[in-house]
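The structure appears below as structure tokens.
The values are calculated or read from the model by the stated rules, or taken from the named source; none is laboratory data. Quick caveat, the model's predicted, so the values are computed rather than measured. Backbone-built Cβ (ideal geometry, glycine too); neighbour counts: all protein chains shown.
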Amino acid sequence: MWDHKVWSFGAGGEDRDLVWQFGPAEDPGGIGWLPDGSMIVVGMEGRCLYRIVDGHCDVYADLSPFAPWQCNDMAIAPSGFAYVSQFGWDMWGGGPYALATLIGVDVDGKVETVADGLSTPNGISIRDNGRSLVVAESGAFTLTTYAIAGDGRLSDRRVFADVPASKQVAMAPPDGICSDAAGAVWVAEPLGRRVLRIENGGVVTQTYDLERHPLAVCLGGEDRRTLFICVAGQHDKSTRTPEALASIVSIRVDTPGAGVP
């Protein structure tokens with residue numbers, strides 16, 4: 001993100017290829033793929049979605065009328081409907097806190113608000129064959145779930161699970177998330193330096209502690225039983241230093257992934 005690049009790797013970390021390099025003013029955030037296979041990338045600072053195809057990068061959707069500050073993560077449903085999270089307030093600049101909305105973008109490019117009143121929405125997981133969505137509310141230490149209608153709109157908001165505090169830190173902001181085939185959610189929790197598997201209702205079944213800050217998780221590999229974890233040496237943009245301290249680590253798990261991502 002802070003080096004303004006999108007990379008592609010083999011499952012074991014080999015075959016490192018540069019997909020796209022943005023300018024110094026743009027940080028790439030969440031990524032996803034449309035039904036036609038083209039890659040969509042969140043422009044955090046530009047508050048837009050980019051479409052990268054055949055070595056070209058164009059603006060796919062302008063989100064700025066719906067996002068007063070940086071955009072963040074994204075998940076794209078099988079229909080091609082994209083859900084994008086945003087900070088909602090000047091988090092890096094120390095501005096006043098404010099609730100935020102979740103932004104929806106349909107395949108025709110129409111942009112709209114699909115959920116509001118969220119506390120720093122972050123990671124998103126689309127589940128149940130596109131019928132439900134879970135979003136991490138970092139500011140509320142909560143995972144929130146919605147039903148997805150045929151037109152992509154969200155309803156029936158409820159708490160999926162609260163994220164318990166770690167022994168080291170009283171706050172437990174969930175960051176990136178993904179779902180597995182048993183209905184549980186894997187959560188990257190950067191302040192506690194751990195990833196957790198949480199069932200509906202809040203039961204934590206597995207925890208892995210890390211030396212650095214996990215920011216995103218995804219179940220992948222041929223059998224979707226490899227949990228890939230993006231781990232950062234720093235997680236606060238306002239105090240970051242130039243060193244590249246991040247890595248991707250993996251853990252084998254019992255239950256395969258399901259849904260998006």
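Which condition number does G183 fail, the rest of (1) more than 17 Å from the chain's Cα centre (by Cα); (2) within 18 Å of G257 (Cβ to Cβ); (3) modelled with pLDDT of 95 or more; (4) not in a loop (DSSP other than H, G, I, E, B) being met?
With (1) more than 17 Å from the chain's Cα centre (by Cα); (2) within 18 Å of G257 (Cβ to Cβ); (3) modelled with pLDDT of 95 or more; (4) not in a loop (DSSP other than H, G, I, E, B) applied to G183, the lone miss is (4).
V203 passes all but one of (1) surrounded by fewer than 17 Cβ atoms within 10 Å (Cβ to Cβ); (2) under 24 Å from C71 (Cα atoms); (3) aliphatic (A, V, I, L, M); which number fails?
For V203, the failing item is (2).
Test G93 against the stated conditions and say whether it is in contact (Cβ under 8 Å) with a residue 24 or more places away in the chain, among the small types (G, A, S), more than 17 Å from L154 (Cβ to Cβ) and loosely packed, with under 15 Cβ neighbours inside 10 Å.
Here the answer is yes, as G93 does meet what is asked.
Scan region 127-164 for residues that are assigned to a loop (DSSP other than H, G, I, E, B) and more than 18 Å from E199 (Cβ to Cβ) and jot them down.
Correct list: R131, A149, G150, D151, G152, R153.
Can you give me the number of residues within region 116-142 that are among the aliphatic types (A, V, I, L, M) and farther than 18 Å from L219 by Cα?
The total comes to 2.
How many of the residues in region 84-117 are farther than 12 Å from A61 by Cα, within 15 Å of the chain's Cα centre (by Cα) and not in a loop (DSSP other than H, G, I, E, B)?
Qualifying residue count, region 84-117: 4.
Kindly provide the set of residues from region 44-55 that are modelled with pLDDT of 95 or more and either more than 19 Å from V107 (Cβ to Cβ) or part of a loop (DSSP other than H, G, I, E, B) (or both), ordered by number.
Hits for region 44-55 are M44, E45, G46, R47.
If I go through region 1-38 residue by residue, how many of them are surrounded by 13 or more Cβ atoms within 10 Å (Cβ to Cβ), more than 20 Å from Y60 (Cα to Cα) and modelled with pLDDT of 90 or more?
Residues in region 1-38 being surrounded by 13 or more Cβ atoms within 10 Å (Cβ to Cβ), more than 20 Å from Y60 (Cα to Cα) and modelled with pLDDT of 90 or more: 1 in total.
If I ask for residues that are surrounded by 24 or more Cβ atoms within 10 Å (Cβ to Cβ) and not acidic (D, E), which ones from region 180-189 would you list?
Those that are surrounded by 24 or more Cβ atoms within 10 Å (Cβ to Cβ) and not acidic (D, E): V185, W186, V187, A188.
Being among the aromatic types (F, W, Y), surrounded by fewer than 22 Cβ atoms within 10 Å (Cβ to Cβ) and not in a loop (DSSP other than H, G, I, E, B) is the filter here, so list the residues in region 62-83 that pass it.
F66
Residue by residue through region 128-159, note down the ones that are within 14 Å of the chain's Cα centre (by Cα) and in contact (Cβ under 8 Å) with a residue 40 or more places away in the chain.
Across region 128-159, the qualifying residues are L133, V134, V135, A136, L143.
Suppose we keep only residues that are out of contact with any Pro (no Cβ under 8 Å at 6 or more places or on another chain) and in contact (Cβ under 8 Å) with a residue 40 or more places away in the chain within region 160-173. Which one would you say is surrounded by the fewest Cβ atoms within 10 Å (Cβ to Cβ)?
P164
Kindly indicate the residue of region 127-165 that is touching a Lys or Arg at 6+ places or on another chain (Cβ under 7 Å) and of a type in the set (V, I, T) and also nearest to W89 (Cα to Cα) among those meeting that condition.
Per the criteria, the residue is T144.
Please tell me if S79 is touching an Asp or Glu at 6+ places or on another chain (Cβ under 9 Å) and among the hydroxyl-bearing types (S, T, Y).
Yes: the conditions hold for S79.
Output the residue which, of all residues in region 6-32 that are closer than 21 Å to S250 by Cβ and part of a strand (DSSP E or B), is farthest from the chain's Cα centre (by Cα).
D17
Within region 252-261, is even one residue of a type in the set (D, E) and either surrounded by fewer than 21 Cβ atoms within 10 Å (Cβ to Cβ) or more than 13 Å from D175 (Cβ to Cβ) (or both)?
Looking through region 252-261, at least one residue is of a type in the set (D, E) and either surrounded by fewer than 21 Cβ atoms within 10 Å (Cβ to Cβ) or more than 13 Å from D175 (Cβ to Cβ) (or both).
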